[in-house]
Structures are given as C-alpha cells and as structure tokens.
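Q: Dumping the structure here so I can ask a few things about it.
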Amino acid sequence: MAYLLIFLVCFPFAAAFVVYGIGRFHKAARDYAAAAAGLVEFAAMLIAVCPVYKMFVEGNMPQALRRAVIPGVCGMGLSFTLDGFRSIYGVIAAFMWLATLLFSREYFKHHRNRNRYYLFNLMTLGALLGVFFAADLFTAFVFFEIMSFTSYVWVAQEENKAALRAAETYLAVAVIGGLAMLLGLFFLYHELGTLDMAQLLSAASSCKNKASLYLAGALIFFGYAAKAGAFPLHIWLPKAHPVAPAPASALLSGILTKSGIFGIIAVSTNLFLWDERWGLFVLAIGVATMALGAVLAVFSVDIKRTLACSSMSQIGFILVGIGMQGILGEENALAVRGTLLHMVNHSLFKLILFLVAGTVYMNVHKLDLNAVRGFGRKKKLLHAVFLSGALGIGGIPLFSGYISKTLLHEGIVEGIAQAGGNVLWFLKVVEWLFLISGGMTIAYMTKLYVALFWEKNSDSRIQQSYDGQKTYWSPVSGAPVVFAAGLVALFGLLPQIFMNRIADFGGGFFGLADYAGSVSYFSLENLKGAAISMAIGAVIYAGIRRFLMKETKAGKEYVMALPKWLDLEQLLYRPLLLRILPFLGALACRILDSLVDFVIVLLRKSVYRDRKIPHELPEGNTLTHVLGKIFDGARRGKRALLRQEIPENEATYEHRFAVQWEKFMETNTIIGRSLSFGLLLFYVGLVFTLLYLLICS
Amino acid sequence: MNAICLLLVVLIPPLAGAVVALAPWRRRTHWMIFLEFAVVVNSVLVWLLLFNRPADTLTLIHFTGELSIAFRLDGLGTVFAGLVSFLWPFATLYAFEYMTKEKHERVFFFFYTLTYGVTLAIALSDNILTMYCFYEMLTLATVPLVMHTLSREAVLASRKYLYYSIGGAAFAFIGMIFIITYGDTTEFLLGGVLNMVKVGENRNVLQFIYFLTFLGFGVKAAVCPFNSWLPQAGVAPTPVTALLHAVAVVKSGAFAILRVTYYSFGTDFLRGSFAQSAVMAIVMFTIVYGCSMAVKETHLKRRLAFSTISNLSYILFGAVLMTPLGLVGALSHMVFHALMKICSFFCAGAIIHQTERIYVHQLDGLAKKMPKIFGIFTVSALALMGVPGLCGFISKFNLASAAIESGNLLSYFGIGCLLISALLTAIYMLSIVVRAYFPAEGFREETLEGITDPNWMMLVPLIVFVILIVGFGVFSAPLVTLFKDIAGGLF
C-alpha cells in the first residue's frame, strides 16, 4: 500500500520521459504509450483505493491510512497518505487524465510540439497526485511548486502572443503565490514545530500566539488561493484557460484549481477548525469570487473564456462552503458535504464542457460565439452531453449540481438560523448573492447552449457545412465525455445512493465525525431555492438577449460589452509590479551603486589631487592669471552693462598680462646677464660702503 | 596521510602551470593533456587527504611567537577544499575548449592553475596570518586573468578589481592585528580565540574591528557597497568569470568571513552585538540589491554576476546569524551555489562561444538550436530560484530555518529578503529561459542558421553539474549531516 502510493506519484514522472523518448522516434506509438500510461495510473489508483473503501464499507470512517515516508528527500522528507477524500480526488484526477489523454490524440492531430505537451502533461499528473496524497504541508508545497512549473508549459503551448502573455501572468502568480506559501510555512513551522497534517490540529489548539497563526494561515491561503483562482488573485484564470489547448483547459479548470482548494481545506480544517473569524474571511473571498466570476462569464463571448470565468465562479461557491464550515462550527455537516460534492461535481462538469468546447475548436478552429453559432445543430449526442453538463452546473433538479448547490444553500440557511448581529446581515447578503450567482450560472450556460445548439449561424453557407458534418469526434475521444455526462445525470437522479455515499466517504478529511441525518433533496423548500435561481437566470438571460446582442446586417450578434481596460491586471498589478516598484528599487540601487565610486571621485578631486603637470599653464604665472581673469571679468561685465559688442580677435587680459610677464622676465634675464648690470651693481655696492664709512666714522 | 601532502597540493598546480608556460611544447594537445592530468592528480590527492585527514599541523616558516605560516585541514577547510578541487578539473576542461579563440593561452593557463594552488592554500590555512598572506596572493594571481584580453575595459576592470581588493585587505589586516594582539592564539578554533581577560573593557572596540574585518573580507564576497568590481570583471574570459568570480575568489571572501566569524572572533562574543546587526543589515540589503540589479541588467554575464552578488550574501546571511545552524545554511549554500552558478555561467559561456551573442535580448529562440545547453541552463535557473527538488531549495530552506531558529528579530526580515530575492531571481532567470524557448512575435528562425550545441569538452562538465544539482536536490541528507557535524565541532 505504502509503495503503491509512491508508485502512483513517481510513475507519471517516469512515464513522461519514456513517452517523450518514444515520441522522438514514432508519433503514433507515442500517443498510444501516453494513453497506456494514463490507463495504468488509473488502474493503480483504483487498486490503491480498494482497502480504503473496504474500511469504509465495514463501517469505519476512513481516517488517514498508513503513511509512505521517504525520509531526507528535499530537505525535510516527503510523506504520503490516503484517506477517503484523498481517494476520491485521486480517482477523479486519474480519470480526468485518462479522459483527456484519450481526447488529446485526436485534438492534437495537427499541432506542433506534441512531445513537449505529453512530457509536461504526465509530469503534472505526478505532481498533482503528490499534492493530493501529501500527509504534511511541506510535501504538498514541494509538489505544488513542481505542478506550477510543469503546467506553465501547457498555457504557453500554442506559442502565440496571447498564450505567451497569459503564461507570463500564470507564472508570475504561481511564483508569487508559492513564495508567500513558503513564508507562511516557515512561520507555521516556527510556531508549531510541525507541518504534519495529523498533528497540526492539536498543535494549533494549544498554540498561544493566535495572531502569528492567522498570519501564517493567511500566507498559505494566499498561495493556494492563487492556484484556485480566488479573487483578487484570479487574474491569470480567465486568460490562461482559454489559450491552453482544450484538454489542458479541462484539467486546469477541473482539477488543478482543486489542488488549490485542497490546500485551503487542509489549512481550514487542520489549523482553524470551526474558527468563525477564519470562516468569515474565507466566506468573504468566496462570495467575491463567486459573484465576480459569474458576472465576467455572463459578459464573455468566447466559449472557453465563459467556461473559465464559470470555473472561477464555481470555485467561489466551493469557498463559500468552506467559509460556512468555519462559521457553523461543530454542526457544519451540511456545508462540508456541499463543499465536497460541489468539488466533485465541478470537476465532472468542466471535463464535459471543456472537452465539448475542444470538440468545437478541433472542427472549426474558432471559439468566438458568433463564429461557432449553430455548430451543434443536428448533432444529437453532442447536444445531449453538453446539456447534461450545462444542467448540472446550473443546478437544475435531477442533475448532480442541484444536490451540491442545495447542500451549500442549506448550509447558509442554517448559518442564518444560528447567527446574530452583523454576521446575520452578512449571511443574508451572502444567501442572495448565492442565489443570484446561481441565476447567472444558468443564464450564461443558456447563452452558450442556445448559441451552439439552437441558433443558426449568420452565414448560411457555414451553417450548411456545420449541418453536413456528421463525425465530429472519434469514439475513443467521445466515450469518456459521454461517460462523465452519464454520471452527472445518474448522480442527480439517485443522490441518496451516490452522492450521499461519496460525502460519507470523504467527509473525514473535513473533521466531520459522523453524520446520521439525511437531507430530503427534493423537498419543496429545497426546490424553491432552485426555482428562485432559475427565475433569476431567466431574467438575466432575457437581459443578455436584450442588451448584450447587437443588430447587424447578418442578424443579431453577441457583443463584448465590458470595456477592454477594465482589467485588474492591466489597471493595477502590471503597472505596480513593472513600473512603480522597479523605479523605486532602481533609484535606491543607482544611488548605492555609485556610492563608493562617488567617494573615490570626491577624494581625487579634493584630497588626492594630481600634481599639476608643468605645461598645464602654457603662459604666465598664477598672479597674471588671476589678475587677467579679474580684468577680463570686469571688461565682460562692463560690456554686458553697456551693451557693447565684442570685437573679433580681441586678446584677453589674461593673455596680455602673461605676454607682459614673459617680456618682463625676458628683459630681466637680459639685464641680469649683461656686463653693464654687473658693473652697475658693483658700483651700487661701493656707494653703500662709502655711505656707511662716512656715516659711521 | 602525512601532513607534507598539504604542502604538495598547494605546490603542484603552480609548478605544472610553470611547466606549461615555459617548456617548449610542440603541439597544443600535449600540454593540454599534461595540464589536465596534473590538475586531476592534484584533485585526487586533495580528496584522498579529505578522507584520510592528517591530524597534525604542518608549519612551514616560524616567524616569532605565535606567528607562522602553517597548514592544517579542519572541517570548514574540508568543505572548501573539496568544493574547489572538485570543480577545478571540470573548469579546466571547459577552458581548453573556450580558450581556442583567445591569445596567450599558455600564460593564461599558468595563472589559472596558479590560482588553484593559492585557493587551496586559503582552504588549508591553519592561522589567520597564513590565510591573509594567501588571500593577498589570490588577488595578485587573478589580476592577470581579468586583464587577459588586454582590451581597454579589461584593463580598467582589473585596475578596479585590484584597488578594491587591496583596499579590502587593508581592513582585514587591521582585524588580523587585533586578533594577534587580543587572542590566545592565531590559529582557527571553532568558537573563537579571543582572550576575554585581555579584551576587558574593549569589547566595543573589538566588535567594531569585527565590523571592519567583515567589510574587508566582504570586498571579495562583493557585499554592497563594495560590489561594483564583480560585474565589471565580467569582461574576462568565461572560465575565469565562472570559476573565479562565481566560485574561487568570491567564495574565498565568504570563506574568510566564516573563518573570522566562527573561528577567530567567535560567535558567542559577537552574537547580539551592534556589529552583528550592522553586518546583517548590509547583507540583507545586498541580497535584494544584487537581484534587482540583475533584473535590470541586459548583458547576460553581468546579469549572472549580479546574481552572484546576491547569492553570496545568502551565504553571508547564514554566516552572520552566528548560530551553528546558520553555519550549516551558509556551507550548504556555498556548495550548492557554486554548482548552480558555475553551471549557469558555463552555459552562458557556451552560448557566447557558439553564437557570440552576449545580450539577453539576442537569445530569442536559441533553445531550438542548442537544446542541451538551454535544457541545462533551465535546470540551473530553476535551482537558483529555489524550486523544490533542486539543490537551491535545500540551501535556501536551511538558511530560512536557521534564521527562524536564531530568534533574532532582524533575521525575520532576512527571510523576507530571501523571498523577495527568490521572486526577483525568478524574473531575471526565467525571462532568459522563456525568451529562448518561446521567442517573441516576429522571430525568424533563419537568423540562427548553423548554430549548434558545443562539443563534449564543454558539455561533459555541464552534464556532471546538472546531475549533481538534481541529485543533491532530491537527496542531500549526507552532505547536510556533514555540515551539521562541522558546525557542531564534531568533524
């Protein structure tokens, strides 16, 4: 069992290089090898889950099972474990990888750099499982970082301008998030002395210094929230998901964001279990993410961008659930189950929806809603599959999304019943935002659905070619998508059998001891919530048709009504990080950089001046120079005062005095050397002697 | 082993270098093989010495009283000597290929090998006087290497290097005199040698002297504001910049600081003093400063030089924490940074050698033509950033945990500096990597016609380094245990 966990994490890394090696020689073989690797991983994952599930069936709540520890590696050693929740996510990850690998073969048929894609794709799988299986926060961090870097290549895969820019943003957010997380881990380790998830709870409850615990928690939250796409770190998400290849987008949206959520849950349930303040903090961020994502999705006119914004919004729903867990305290079973089930559901929805978008792109190489309008007409299977995903994510009864959203809603209602004071008002606002966001979800999914499957393309020739297209995906690519769509419907139809069991199986991770109660999902009260959302959705969709469509010659067209400049990244982050901070830093650095050189120059100009070289003064001496300068200055001043013109070729006083001095010196020399001068001096001497004799005697 | 071997390893390199420079060689390959052989033999000898350490001290000259020139191998010296002697043969191999385009090769290799001996002598020094002498000699031996191309910039750079180094050594000299005066002995002993009876009331003076000594040796370790010689010295041929200015010279500075901090002044004497706060502030500033200058710089080698400035201060940060764990962090970053930086420098050198492109913006799309070099460069870049699974992470992790453990208030800011610097490192290293793999729009592949990966002499060292970077990143326990033993005085 322990070895199996290590195998699950390491195998994709090894397989990645093998697949890459095969790809150097044979392309088709490479595709099969990659799919085979996915299959092996999925099978191994199922085998690993078996003992955990057996425990569950025997009536034990699956706690963290035996650990696999690799001591000494990467500084602190790595440790893995498997419990109910981890099993669920391991299986989902392996399944999604298998589905996308199968889909990739057809999708990438005419793409370049496929080898690179497979290499990093499989490596990311290993890293992702490393995160999900991590038994301590350090291991999670190590694999989280690896995952950030390997998934970066997915975003940059297409190598066009938009992709490179999105990849840049993705990398920046990932690196900054990773660093914040590392800082948080350091603080946490210092405060508690352990990063082991099994010991964190007891260590945190006995910790006196709550403030630094909150700080550490917030920093770690920052790191994970950056990957989950929570507001205000969501900036990369609406850019990166659309430009990545569709299978990669499905993974980014469906499961990579969940690794961020996993981390947030790990912090919330191990450090701040049933902590109201922490719950409110997460709830606030969750609500902002949920509402903002939904608004962005309503406005978007690109299939994949809509889906990406939708992911952000759904992540917000999940965060709301996590926040409610903290607020509800020990009686948080509804919120826990809602969170867990919505995570599972959302993974399935996004797998379906992104792969449908990928199918569209694979056939028409366009994603703009106006261009692909009418593609789905007369394609019954695609229609059914998309409808299942759309109804699911919209939370329509009889589909699985309804169950999880109902649970989340029930959680909020329960919170309202318990709370008082300011929190009560806040929760009431949250409830309404929750319902409105649900309505927006329905609206934007309807927008996509109607555009793809009901409306006709504005160009009738294109519509004809769309209608004529009978085969749009190969059975191998389509099968997993159809399977996932079936699951969504099945889960929604029989929630007591499937959904409840999943929730029971995974609940242990959230600190949920045991849950005996049962929710009647299809009671009138619960259906009312869905009905309100649907009504809001209908109104918003009417608004979309009215305000977000423009009449053109060819008929009505969808327009992007949000101005381009309204972008947090362009408005705030980029100017701040690329202009203002570097300027300040560079200024300080410049000054300090030239400090020593400045001192040296100063010394050379003052104390250590070089001795004047003789010919530096070509004529005259210091006296004539100074005098000449003064006279020159005086003359200039006089002229300036009287506005006289400066005659040409006029000699300066400095020069004149120098010449005079030279003449004087020359004359002196001549005189000094002449005989008559000698005689003169001799006689002067004689005269003085005579005078002396006369006076003194 | 006999202690005389300590002298032998110091003498073999200069002698071999002299033979290369003076003997009448017929063909280039002959002296190349001879020199590589001599360097390898010397390195093997050093490693034999490391594993069979001679217990006694080898005194060469005894001046008077405590003053002597003597060699001894202790824990700290083991690490530095091991590091230098491991890297030198590879660097020499690389230099053979790189220097084909330069003149006066044999003179160059004389000084190059001479430096090997001198650096080893610093590592093996028994007392502060010996270390000081060889420290000065290192400056003199490396000036000709910096000046090698004899271009105007090279002459200016070497002049600057000389002034800075000699000036720094003057400060260090003051420290040496005080150690001789106030210490029990001049030898290096873990925990310090200051005699507290002699120090008496003069604690503050001595702490100030430590500050001066730190700055003095810090010149070679390029602490701000004495750093500007290092980027300028980048005009020297790449083997010089890589080995000397990323490994031997700058690490000698860091090594000397470790020596005076832990082995002469003693951490108990310094911990908590104003001198510690002062040097810590300088070091933390340099960490951020070096990175931000690197972000700004567009010249590839100079960018790496600024990165070196910042990374050296990581080592010094560990040193000035003045705790055993700090020493562990410092030593691990000393070793790992040497690996990462020599790797990235050699990649830069290979790019310059193959394409004669020296600016970052000229590297668009080169990764497609030089996949091996850029693959290796990417690994070293990620390692420098501190990505988990590569060796840079281990040393940064050790440093940060040492900082937290030390409980010093300033060291919390130090962790912040480490993280900011990691972010900046990501910017300046990844911008190169991203550019090379994903060229900007309008890039034309025809302009790169005929560019290939270099031959095996350049690649072999790089591959060895990259294996070590990954290897130590995944499993570093034995090395870190060794450092812990050294810091605890057990080794």
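The numbers here are math on the coordinates, done by the rules we state, and not lab data. As the structure is a computational prediction, the values presented were derived from the model and not from experiment. Cβ: placed from backbone, ideal geometry, glycine included. Neighbour counts: every protein chain shown.
Q: First select every other residue whose beta carbon is under 13 angstrom from the beta carbon of A:Met560; then total the charges, Lys and Arg +1, Asp and Glu -1.
A: 0
Q: Amide H of B:Phe475 versus every other amide H placed in the peptide plane: which residues, excluding those fewer than 5 positions away on the same chain, fall under 5 Å?
A: It is A:Cys74, by chain and number.
Q: Reachable aspartates and glutamates from B:Lys396, Cα under 17 Å, same-chain residues fewer than 8 places away excluded?
A: List returned: A:Glu145, B:Glu405.
Q: Taking GluC sites (Glu not before Pro) as exposed when DSSP calls them loop (any state but H, G, I, E, B) and at most 10 other Cβ atoms lie within 10 Å, what is the longest stretch of chain B free of them, the sites themselves excluded? Walk me through the numbers before you get to the answer.
A: Values: sites that count: B:Glu356, B:Glu441, B:Glu449.
Longest site-free region, per DSSP loop and neighbour criteria: B:1-355.
Q: Shifting gears a bit: What does the net charge come to around B:Ile469 if you take all other residues with beta carbon closer than 14 Å to its beta carbon, with K and R at +1 and D and E at -1?
A: Details: positive: B:Lys341, B:Lys396; negative: none.
Net local charge, B:Ile469 excluded: +2.
Q: How would B:Val143, A:Val9 line up from fewest to most surrounding beta-carbon atoms within 10 angstrom?
A: Details: B:Val143 18, A:Val9 25.
Ranked by crowding around the Cβ, least crowded first: B:Val143, A:Val9.
Q: Straight-line reach from B:Lys101: which lysines fall under 24 Å, measuring Cα to Cα and dropping same-chain residues less than 8 apart?
A: Answer for B:Lys101, where 24 Å is the Cα cut-off: B:Lys301, B:Lys341, B:Lys369, B:Lys372, listed by chain and number.
Q: So if I place +1 on the C-beta of Lys and Arg and -1 on the C-beta of Asp and Glu, and nothing else carries charge, what would the dipole magnitude of chain A be about its Cα centre? I want it in debye, nearest 20. The partial results should precede the final answer.
A: On the way: 61 positive and 43 negative charges, 403 e Å.
With Lys and Arg at +1 and Asp and Glu at -1, about 1940 debye.
Q: Can I ask one more? When a footprinting reagent is the concern and you count Cβ atoms within 10 Å, what order do A:Arg337, B:Arg159 take, fewest first?
A: Starting with the residue having the fewest Cβ neighbours, the order is B:Arg159, A:Arg337.
Q: Another question, then. At q = 0.08, 0.09, 0.10 Å⁻¹, what log₁₀ I(q)/I(0) does chain A have when each alpha carbon counts as one equal point scatterer in the Debye sum?
A: Cα-only, vacuum Debye calculation for chain A: -0.64, -0.78, -0.94.
Q: Another question about this same structure. Specify which residue in the list B:Ile351, B:Thr425, B:Gly414 is farthest towards the positive end of the charge dipole of region B:341-491, using unit charges on the beta carbon of Lys, Arg (+1) and Asp, Glu (-1), about the Cα centre.
A: The one lying farthest along the dipole's positive direction is B:Gly414.
Q: Would you work out which of A:Phe505, A:Ile600, A:Met665 lies farthest towards the positive end of the dipole of chain A? Charges go on Cβ: Lys and Arg +1, Asp and Glu -1.
A: It is A:Met665, whose Cα lies furthest towards the positive end.
Q: Still on this structure, I have one more. When the Kirkwood radius is taken over all Cα pairs of region B:272-491, what Stokes-Einstein diffusion coefficient follows at 10 °C and 1.306 mPa s, in µm²/s? Each step should come with its number before you reach the end.
A: Numbers: Rh = 17.9 Å.
Roughly 89 µm²/s, to the nearest whole number.
Q: What is the local net charge at A:Leu369, summed over the other residues whose Cβ is closer than 12 Å to its Cβ (Lys, Arg +1; Asp, Glu -1)?
A: +2
Q: I've got another one for you. Compute the longest continuous run of chain A that contains no exposed chymotrypsin sites (Phe, Trp or Tyr not before Pro); treat a site as exposed when its DSSP state is not H, G, I, E or B and it has at most 11 other Cβ atoms within 10 Å. Please list the in-between numbers first.
A: Numbers: sites that count: A:Trp565, A:Tyr608.
Result, exposed sites excluded: A:1-564.
Q: Student exercise: in region A:572-697, how many lysine pairs 8 or more apart or on different chains have Cα atoms under 25 Å apart?
A: 5
Q: Report, in deg cm²/dmol and to the nearest 500, the calculated mean residue ellipticity at 222 nm for the protein assembly as shown, where each DSSP H run with n ≥ 4 adds -39500 (n - 2.57) and the sum is divided by the residue count.
A: Computed ellipticity for the protein assembly as shown at 222 nm equals -24500 deg cm²/dmol.
Q: From Cα coordinates alone, what are the radius of gyration and Dmax values for chain B in angstrom?
A: 21.6, 75
Q: Only Lys, Arg, Asp and Glu count, each charged at its Cβ (+1, +1, -1, -1), so figure out the dipole size of region A:617-696 about its Cα centre, rounded to 20 debye.
A: 260
Q: Next up: Distance cut-off 19 Å, Cα to Cα: go down the list A:Lys350/A:Lys405; B:Lys251/B:Lys296; A:Lys379/A:Lys553; A:Lys27/A:Lys109 and report the pairs above it. Walk me through the numbers on the way to the answer.
A: Details: A:Lys350/A:Lys405 16 Å; B:Lys251/B:Lys296 24 Å; A:Lys379/A:Lys553 28 Å; A:Lys27/A:Lys109 10 Å.
Violating the 19 Å limit, Cα to Cα: B:Lys251/B:Lys296; A:Lys379/A:Lys553.
Q: Can you find, among B:Phe37, B:Ser332, B:Gly234, the residue sitting farthest towards the positive end of the charge dipole of chain B, where Lys and Arg contribute +1 and Asp and Glu -1 at Cβ?
A: Towards the positive end, the residue furthest out is B:Gly234.
Q: Next question. In whole Å, how far is the Cα centre of region B:268-283 from that of region B:7-42?
A: So the separation of the two Cα centres works out to 44 Å.
Q: For region B:450-475 and region A:181-236, write down the distance between their C-alpha centroids in whole Å.
A: First find each Cα centre; the distance between them is then 37 Å.
Q: Quote the relative contact order of region A:272-562 in percent (integer), defining contacts as alpha-carbon pairs under 8 Å separated by 6+ residues.
A: 24
Q: Next question. Summarise the partner chain shielding of B:388-398 as one whole number: the mean count of Cβ atoms from other chains within 10 Å of each residue's Cβ.
A: Mean partner-chain Cβ count within 10 Å for B:388-398: 4.
Q: Now for a different question. Mind putting a number on the dipole of the protein assembly as shown about its Cα centre? Charges go on the C-beta only, +1 for Lys and Arg and -1 for Asp and Glu, and I need it in Debye to the nearest 20.
A: The calculation lands at about 2900 debye.
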